[in-house]
1. Enumerate the pairs (first residue in the range 108-121 and touching a residue at least 60 places away in the same chain (Cβ under 8 Å); second residue anywhere and among the acidic types (Asp, Glu)) with beta-carbon separation below 7 Å, excluding pairs fewer than 6 apart on the same chain, so at least 6 apart or on different chains.
2. Can you name every residue in the range 74-105 that is of a type in the set (Gly, Ala, Ser) and over 20 Å from Gly136 (Cβ atoms)?
3. Pairs please, first residue from the range 180-203 and free of Cβ contacts under 8 Å to residues at least 12 places away in the same chain, second anywhere and among the aromatic types (Phe, Trp, Tyr) and crowded, with 19+ Cβ neighbours inside 10 Å, Cβ atoms under 7 Å, 6+ apart in sequence or on different chains.
4. Yes or no: Asn129 away from the ligand (no atom under 14 Å from the Cβ), touching a Leu at 6+ places or on another chain (Cβ under 8 Å) and over 25 Å from Lys196 (Cα atoms)?
5. Hey, which of the helices (runs of 4 or more DSSP H) in the range 23-126, taking only ones fully inside, have at least 3 residues that are within 12 Å of the ligand (Cβ to nearest atom), more than 17 Å from Val203 (Cα to Cα) and more than 16 Å from the chain's Cα centre (by Cα)?
6. Working only within the range 126-176, note down all residues that are closer than 28 Å to Leu44 by Cβ, charged (D, E, K, R) and out of contact with any Phe, Trp or Tyr (no Cβ under 7 Å at 6 or more places or on another chain).
7. Residues that are over 17 Å from the mean Cα position of the chain (by Cα), farther than 20 Å from Asn3 by Cβ and among the small types (Gly, Ala, Ser): does the range 157-173 have at least one?
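The values are calculated or read from the model by the stated rules, or taken from the named source; none is laboratory data. Predicted model only: the values in this text are computed from it and were never measured. When we count neighbours, we look across all protein chains shown, and the Cβ atoms used for this are built from the backbone with ideal geometry, even at glycine.
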Amino acid sequence: MKNETFWDKKSKNYDKRYKKKNYSLYKKTIDGARSLLTNSDVVLDFACGTGEISLDIAPHVQKVLGIDKSEKMIALANKKVRERQIDNASFSQIDAFDQRLESNSFSAILSFHIFHLADDFPKVLTRLNDLLVPGGLLISQTPCFGEKGWFFRSMISLAQKLGLAPPIRSLRIPELESLVSSTNFEIIETKIQYEKYSVQWIVAKKI
Ligand SMILES: C[S@@+](CC[C@H](N)C(=O)[O-])C[C@H]1O[C@@H](n2cnc3c(N)ncnc32)[C@H](O)[C@@H]1O
């Protein structure tokens, strides 16, 4: 199944599963991001899903643009902007390589739960680096399933065959850290955020 089709199908129940079912992880993510951002920040939320994180961050920054490849995720995000009347957040159904995004135009990029999914991840990291101003922050959180045992990975692989999971890269934490540091970033924080799925929090500064 195409990645976009998979996420279109997941969009309707995404908030219920993520924000409500796993609220402790959601809160850690939001609190971590907020502690690093200020009201002068211009933020890109890469692979923003239904926009929940962008909209929670919006009151604390100058503006936020959420982008995602899934049409239905973006439609839900746009509906929330209208309902909540938030005027410094916008959403667009584009990927990170879209020409309308300019180099050196964001002071922070949020990349939550996407690096294990993005095709050609090293190229994506290079592009995110290009979009940041020098000194800008990449704030990321990534499930590193390469850290999990054989049984866990077999279950993921079965779920993929059944169309219940998208194509996933089984990253190891040192591999992820090394990819980030070799892409013109200096890692300033790296820690396990959620043990069950080896979710790693990494904050890196564009050199
Ligand atoms: C697990 S969700 C994460 C959503 C949100 N960042 C969060 O943490 O709740 C993954 C999202 O990435 C999007 N996606 C996958 N590959 C993408 C890409 N190359 N460019 C933009 N969005 C992408 C999917 O459509 C989906 O909405």
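1. Close Cβ pairs satisfying both conditions: Ala108/Asp41; Leu110/Asp45.
2. In the first step, residues of the range 74-105 are kept if they are of a type in the set (Gly, Ala, Ser); the result is 75, 77, 89-90, 92, 96, 103, 105.
Residues satisfying the conditions are Ala75, Ala77.
3. These pairs meet every condition: Lys191/Trp201.
4. yes
5. Of the helices (runs of 4 or more DSSP H) lying wholly inside the range 23-126, those with at least 3 residues that are within 12 Å of the ligand (Cβ to nearest atom), more than 17 Å from Val203 (Cα to Cα) and more than 16 Å from the chain's Cα centre (by Cα) span 71-84.
6. Asp130, Glu147, Arg172, Glu175
7. No, the range 157-173 contains no residue that is over 17 Å from the mean Cα position of the chain (by Cα), farther than 20 Å from Asn3 by Cβ and among the small types (Gly, Ala, Ser).
Every residue, every condition in (1) surrounded by fewer than 12 Cβ atoms within 10 Å (Cβ to Cβ); (2) more than 30 Å from Ser105 (Cβ to Cβ); (3) in contact with a helix residue (DSSP H, G or I) (Cβ under 6 Å, 6 or more places away or on another chain), yes or no:
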residue: Gly146; (1), (2), (3): no, yes, no
residue: Ser170; (1), (2), (3): no, yes, yes
residue: Glu175; (1), (2), (3): no, no, no
residue: Ser178; (1), (2), (3): no, no, no
residue: Ala204; (1), (2), (3): no, no, yes
